[in-house]
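**Student:** Once you've had a glance at the structure underneath, I'll fire off some questions.
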Amino acid sequence: MSFNPCAVVPVYNHHTALARIVAALREGLFETLHVAGANIFPPSAGSNQAFNMGALAEDEVLISTQARNFPGRNGHPKSRHFLASALTVATSAITGRITDPRSLPP
C-alpha cells in the first residue's frame, strides 16, 4: 500500500510536547521528512486529527499510532486507516508505503 503525501503529527502530551518538537527540530528530523514530501502538522490527539488536517477522502490512506479506529473516524467511511506502532509508522513515513520495520537493513 503506497501513500503520498505523508502527514506527520507529533505526539500530544502537554508535559513533553514542546521539548520533543524542539529536539526533533534540532536533530533535523522535520527537515528530513519535509524534504521527503511530508506535511508537518501541530501536535494532536487522535480525536482532533480530522479537524487539524482535514478529513480523509474516499481514496486516501492513513497510518497512525492512534489508540482506536472505526470507519469514518478521520473522514470518508471508505478511506483506509491503519493503526500501527510508532516504529512502523516512522518506517512507513520514510519508505512512502506501509512497511514492516524488520524488513529494513540494520
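We did not get these values from a lab; they are worked out from the coordinates using the rules stated. Remember, it's a predicted structure, so these values are computed and weren't measured experimentally. Please note: Cβ atoms are built from the backbone with ideal geometry, for glycine as well, and neighbour counts cover all protein chains shown.
**Student:** Can you compute the FRET efficiency between Glu27 and Leu87 using 1/(1 + (r/R0)^6), with r the Cβ-Cβ distance and R0 = 25 Å? Round to the nearest 0.05. Mind dumping the intermediate values first?
**Tutor:** Values: r = 17 Å, r/R0 = 0.67.
Result of the calculation: an efficiency of 0.90.
**Student:** With r as the distance between the Cβ atoms of Asp100 and Ala67 and R0 = 30 Å, compute the FRET efficiency 1/(1 + (r/R0)^6) and round to 0.05.
**Tutor:** 0.90
**Student:** Calculate the spin-label point distance for Leu18 paired with Ile40, positioning each point 7 Å from the Cα along the beta-carbon direction, and give it in nanometres.
**Tutor:** Going from the Ile40 label point to the Leu18 one covers 1.7 nm.
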